[in-house]
Amino acid sequence: MRASHADRERAIDVLKAGFSEGRLGQAEYEQRLTRATHAQTYAELSVLIADLPQGPVPMPPAPQQSGYQPVPRTFLPAPPPRTNGTAIGALVCGILTPVYGLTAIPAVVLGHVAKAQIRRTGEEGSGFATAGLVLGWLAIGVVLAGILAVVFAAA
């Protein structure tokens, strides 16, 4: 399959990285660079960079009758999981509870919702949700204890 200009640029970037890391000598780098700029197909590009750590340019599978086996793609690490926004909201509401008082209930509600979302999606932020729950329930408990103390003192 024919390679595009962007494919050649990606291969040249891999060659530059290999040269800057000391994996290629000056003469070999220049030779491969020349061949990469004139390459017409994915196969030509993959031959030039297959022995470098970044791996070959992604290539569509070749017909099986030719006997050609493409070099496997380089496996890059997965991006880190996102932090759940609802868990962050639960923590913020929990922290603001001593200042505003009314944010205890949203902290508890958001904390429970965040815990369910985190179990379902695998996102980060379980600690934030737990902290929001603890702060919210603690504030609600303090308010209820105060109300009970007033009721018993009046009785």
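A few remarks follow.
- Each residue was assigned an accessible area with a 1.4 Å probe, and for residue 112 the value is about 100 Å².
- Solvent-accessible area of residue 23 with every protein chain in place, 1.4 Å probe, in Å² to the nearest 10: 140
- Rough spin-label spacing in nm, given labels placed 7 Å along Cα→Cβ, for residue 145 and residue 31: 7.9
- Added length on full extension, which subtracts the Cα-Cα distance from 0.36 nm per residue, residue 6 to residue 154: 45.3 nm
- The residues of region 5-58 present an accessible area of 54 Å² per residue when probed at 1.4 Å with all protein chains retained.
- With both labels modelled 7 Å from their Cα along Cα-to-Cβ, the residue 124 to residue 40 distance reads 4.9 nm.
The values are calculated or read from the model by the stated rules, or taken from the named source; none is laboratory data. From a predicted model like this one, the values you see are computed outputs, not experimental measurements. Here the Cβ is made from the backbone with ideal geometry for all residues, glycine too, and neighbour counts use every protein chain on show. Just so you know, the surface numbers come from the protein's heavy atoms only, side chains and all, with ligands and any DNA or RNA stripped out. Shrake-Rupley method; radii C 1.70, N 1.55, O 1.52, S 1.80 Å.
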